[in-house]
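A short worksheet on the structure shown next.
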Amino acid sequence: AQKVTQAQTEISVVEKEDVTLDCVYETRDTTYYLFWYKQPPSGELVFLIRRNSFDEQNEISGRYSWNFQKSTSSFNFTITASQVVDSAVYFCALSEALSGSARQLTFGSGTQLTVLP
Amino acid sequence: DVKVTQSSRYLVKRTGEKVFLECVQDMDHENMFWYRQDPGLGLRLIYFSYDVKMKEKGDIPEGYSVSREKKERFSLILESASTNQTSMYLCASSLRGAFREQYFGPGTRLTVT
């Protein structure tokens, strides 16, 4: 069975600190996709990034960066110079095959990030 | 702009009641999903649908059913609500395709007393 582990349940940082959210996954598939979602206090999950299993290139988008390492089955997320608006629950997810053309997302349990002013 | 809407943000029901949670998407997505979110457990898939009138069980379908009569609408039904169904319910939709991201609604927080 596929599994996603986010060992950090809660993290608190002070504004402008850098913070890394860890994600470790397990899968037997050779082709798979990894995602990060953000859930602000309003409740709606927002898609941040997708990475496929053949692309280990790291990605940077503004203050956000992602480090994908197949050798350690990890897909970690770093926020540089954190801001109060980054406070949210962050979910890592792994896609797997389902009926038809749907892809099921297996979610980690989430990391609650609190950025203090 | 992508939009998934859910009929209620907050709902309080009594044990044994029949409960309907409605989800509508305006993106012409083929796939629709119902999840429940509980502290420490992340999101767990209840049911999904990859086409009109098609439905498949997810990881935790017991006590739930679904209906998809139109492409844009996916309903979750609790036939006889129980207290262990108190949770946050999230609806999502996506395009057909292996790597498509899912778009989520704002969630319905259901309390069963």
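The values are calculated or read from the model by the stated rules, or taken from the named source; none is laboratory data. Computed from a predicted model, the values in this text were never measured in an experiment. Positions of Cβ are backbone-derived with ideal geometry, glycine not excepted, and every protein chain shown enters the neighbour counts. Calculation scope for accessible area: heavy atoms of the full protein, side chains included, ligands and nucleic acids excluded. Shrake-Rupley method; radii C 1.70, N 1.55, O 1.52, S 1.80 Å.
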Quiz item: Which whole number gives the average count of other chain Cβ atoms within 10 Å of the Cβ atoms across peptide A:42-51?
Solution: 5
Exercise. From other protein chains only, count the Cβ atoms within 10 Å of every residue's Cβ in B:24-31, then give the mean.
Key: 1
Exercise. Step through the residues of the range B:38-49 one at a time and calculate ³J(HN,Hα) from phi using the Karplus curve (6.51 cos²θ - 1.76 cosθ + 1.60, θ = phi - 60°), rounding each to whole Hz and writing x for Gly and Pro.
Key: 10, x, x, 10, x, 9, 10, 7, 8, 8, 9, 9
Practice problem: Provide, as a two-decimal number, the C-alpha radius of gyration of chain B over 2.2 N^0.38 Å, N being how many residues it has. | Solution: 1.00
Quiz item: Computed over the Cα atoms of the range A:1-45, what is the ratio Rg over Rh, Rh following Kirkwood?
Solution: 1.04
Exercise. Mind listing, in residue-number order, the residues in the range B:68-103 that have at least 50 Å² less accessible area with every protein chain present than in their own chain alone (1.4 Å probe)?
Key: B:Ala98, B:Phe99, B:Glu101, B:Gln102
Practice problem: Working with all protein chains in place, sort A:Thr72, A:Thr27 by solvent-accessible area computed with a 1.4 Å probe, largest first. | Solution: A:Thr72, A:Thr27
Practice problem: Excluding residues fewer than 8 places away in the same chain, name every one of the lysines whose C-alpha is closer than 18 Å to that of B:Lys55. | Solution: B:Lys70, B:Lys71
Self-check item: Cβ-based charge dipole, the range B:2-69, positive-most Cα from B:Val24, B:Leu41, B:Met54
Solution: B:Leu41
Quiz item: In whole angstrom, how far apart do the alpha carbon centroids of the range B:1-52 and the range B:57-90 sit?
Solution: 7 Å
Exercise. May I ask you to give the percent of accessible area on the range B:27-86 that is carbon plus sulfur, with a probe radius of 1.4 Å?
Key: 48 percent
Quiz prompt | Cα gyration tensor shape of chain A, rounded if a/c is under 1.5, else prolate or oblate by comparing a/b with b/c | solution = prolate
Practice problem: Would you mind checking which residues have amide H under 5 Å from A:Leu21's amide H? H placed 1.01 Å from N; only 5 or more apart, or other chain. | Solution: A:Phe77, A:Thr78, A:Ile79
Quiz item: Sequence-distant or interchain residues sharing an amide H contact under 5 Å with B:Arg109, placed H: which?
Solution: B:Tyr10, B:Leu11, B:Tyr89
Self-check item: For residues of A:25-37, the mean tally of beta carbons on other chains within 10 Å
Solution: 1
Self-check item: Proximal aspartates and glutamates relative to A:Lys70, as straight alpha-carbon distance under 16 Å, when same-chain residues fewer than 8 apart are discounted
Solution: A:Asp22, A:Glu26, A:Asp29, A:Asp55, A:Glu56, A:Glu59
Quiz item: Under the Karplus relation 6.51 cos²θ - 1.76 cosθ + 1.60, θ = phi - 60°, what is the ordered set of whole-Hz ³J(HN,Hα) values for the range B:7-18, x standing for Gly and Pro?
Solution: 5, 9, 8, 9, 8, 10, 10, 9, 3, x, 6, 8
Quiz item: Accessible area lost on pairing B with A, both sides, 1.4 Å probe, Å² to nearest 100?
Solution: 2000 Å²
Practice problem: May I ask you to list the residues of the range A:51-66 whose amide nitrogen lies under 14 Å from a point 7 Å from Cα along the Cα→beta-carbon direction of A:Gln2? | Solution: A:51-54
Self-check item: Antiparallel DSSP beta bridges within the protein assembly as shown, percent to nearest 5
Solution: 90 percent
Self-check item: Packing-based order for A:16-22, A:58-64, B:20-26, using average beta carbon neighbours within 10 Å, highest first
Solution: B:20-26, A:16-22, A:58-64
Quiz prompt | Electrostatic dipole magnitude of the range A:22-117 [Cβ: Lys, Arg +1; Asp, Glu -1; Cα centre; debye, to 20] | solution = 80 debye
Quiz item: Among A:Gln83, A:Gln69, A:Gln57, whose mean-square fluctuation peaks in a Gaussian network model of chain A (Cα, cutoff 10 Å)?
Solution: A:Gln57
Exercise. Counting only heavy atoms of the protein chains, get the accessible area per residue of the range B:1-89 (1.4 Å probe) and round it to a whole Å² value.
Key: 51 Å²
